[in-house]
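The structure appears below as structure tokens.
The values are calculated or read from the model by the stated rules, or taken from the named source; none is laboratory data. Remember, predicted model here, so these are calculated numbers, not experimental data. Note that each Cβ is placed from the backbone with ideal geometry, even for glycine, and that neighbours are counted across all protein chains shown.
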Amino acid sequence: MKNFFARVWRFCKRLFLILFILQFVYIIILKWINPPITLTQLGSFLSGNGLARDYVTADKISPHAGLAVIASEDQLFPDHNGFDWKSIQKAIEKNQKKKNRIVGASTISQQVAKNVFLWQSRNWIRKGMEMYFTFMIEWIWGKERILEVYLNVVEMGKGIFGIEAAAQHYFKKPAAKLTRSEAAMIASSLPNPVRYTVKPLSRFVAVRYPWVLLQMNILDGDADIIKVLTGKKNKKGSPSQ
């Protein structure tokens with residue numbers, strides 16, 4: 001019996017090592033290659049909600065789109081290491097006071113980790129794994145790649161994944177030609193893109209997108225944000241030019 005448990009333990013250690021190496025290699029590959037499919041996309045397809053997506057490179061995405069999601073979802077994106085600890089602490093305090101309402105504080109990096117490698121849920125196992133993958137993509141990919149993947153994989157409507165599919169579906173144009181207002185509308189739906197629709201324009205998006213536009217104007221000249229959006233420091237102008 002003792003030998004049996006020893007063999008099982010050796011097998012488990014080898015299996016863990018193999019799985020660790022495989023996921024590490026996969027993370028490295030995704031630095032240059034877009035994920036073939038995510039669990040969220042697969043779930044949308046299998047549940048009958050459809051799967052519309054069209055991955056595009058960063059140079060085929062309007063800078064307005066990147067600025068809009070940063071303004072809407074994670075204004076400290078260029079500055080943090082994957083986690084906005086102050087916002088996380090505030091969310092924890094709010095959730096303790098109002099246990100029937102869950103307040104999130106996920107950064108863009110955390111959302112990419114969840115959408116690319118994990119599944120949609122709020123249990124502690126998934127949150128722990130999310131922290132690991134967030135750290136890894138921050139270390140291996142960098143901010144520009146994280147934002148590019150985010151704009152390609154995040155759900156932006158029922159069965160609509162990525163900014164290119166969203167631009168084509170809502171505005172009949174490629175993502176490269178999105179205006180500031182159109183990008184702000186799409187970004188405003190992200191808290192719950194199935195419920196907060198862009199077309200028809202939901203009340204939530206109608207109220208929120210002018211605020212996102214205002215935040216975009218405020219962040220327009222931020223050198224760190226410009227660097228993430230353009231890949232280089234831009235002293236002459238901003239995404240609005």
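Just checking, does the range 8-20 include any residue being at pLDDT 90 or above and surrounded by 16 or more Cβ atoms within 10 Å (Cβ to Cβ)?
Within the range 8-20 (the criterion being at pLDDT 90 or above and surrounded by 16 or more Cβ atoms within 10 Å (Cβ to Cβ)), the answer is no, since none of the residues qualifies.
Within the range 65-85, which residues are among the small types (Gly, Ala, Ser) and not in a loop (DSSP other than H, G, I, E, B)? Reasoning before the result, please.
Our first condition is that a residue be among the small types (Gly, Ala, Ser); within the range 65-85, this holds for 65-66, 68, 71-72, 82.
Listed by number, the residues that qualify are Ala65, Gly66, Ala68, Ala71, Ser72.
In a loop (DSSP other than H, G, I, E, B), β-branched (Val, Ile, Thr) and within 19 Å of Phe117 (Cβ to Cβ): does that describe Ile33?
Criteria met by Ile33.
Which of the residues belonging to the range 114-154 are under 19 Å from Gln41 (Cβ atoms), outside any helix (DSSP H, G or I) and at pLDDT below 95?
Within the range 114-154, Leu118, Trp119, Gln120, Ser121 meet the criteria.
Which count do you get for residues in the range 171-195 that are buried (at least 24 other Cβ atoms within 10 Å of the Cβ), out of contact with any Phe, Trp or Tyr (no Cβ under 6 Å at 6 or more places or on another chain) and not in a loop (DSSP other than H, G, I, E, B)? Can you show your working first?
Residues of the range 171-195 that are buried (at least 24 other Cβ atoms within 10 Å of the Cβ), as a first pass: 175, 178, 183-189.
Then drop every residue that is not out of contact with any Phe, Trp or Tyr (no Cβ under 6 Å at 6 or more places or on another chain), which leaves 175, 178, 183, 186-187.
Subsequent filtering for residues that are not in a loop (DSSP other than H, G, I, E, B) retains 175, 183, 186-187.
Total meeting the criteria: 4.
Consider Asp74 against the criteria (1) buried (at least 19 other Cβ atoms within 10 Å of the Cβ); (2) under 22 Å from His169 (Cα atoms); (3) out of contact with any Gly (no Cβ under 7 Å at 6 or more places or on another chain): it satisfies all of them except one. Which criterion is unmet?
That leaves (2) as the condition not met.
Among the residues of the range 154-164, is any of a type in the set (Gly, Ala, Ser), surrounded by fewer than 18 Cβ atoms within 10 Å (Cβ to Cβ) and touching a residue at least 40 places away in the same chain (Cβ under 8 Å)?
no
In the range 196-210, what residues are part of a helix (DSSP H, G or I) and more than 16 Å from Gly66 (Cα to Cα)? Show your work before the answer.
Residues of the range 196-210 part of a helix (DSSP H, G or I): 203-210.
Listed by number, the residues that qualify are Arg203, Phe204, Val205, Ala206, Val207, Arg208, Pro210.
Could you tell me whether any residue of the range 191-202 is assigned by TED's automatic domain parsing to the domain that holds Asn81 and more than 26 Å from Thr38 (Cβ to Cβ)?
Yes: one or more hits.
Look through Gly66, Gly82 and report the one residue that is at pLDDT 95 or above and not hydrophobic (A, V, I, L, M, F, W, C).
Just a single option satisfies the conditions, and that option is Gly66.
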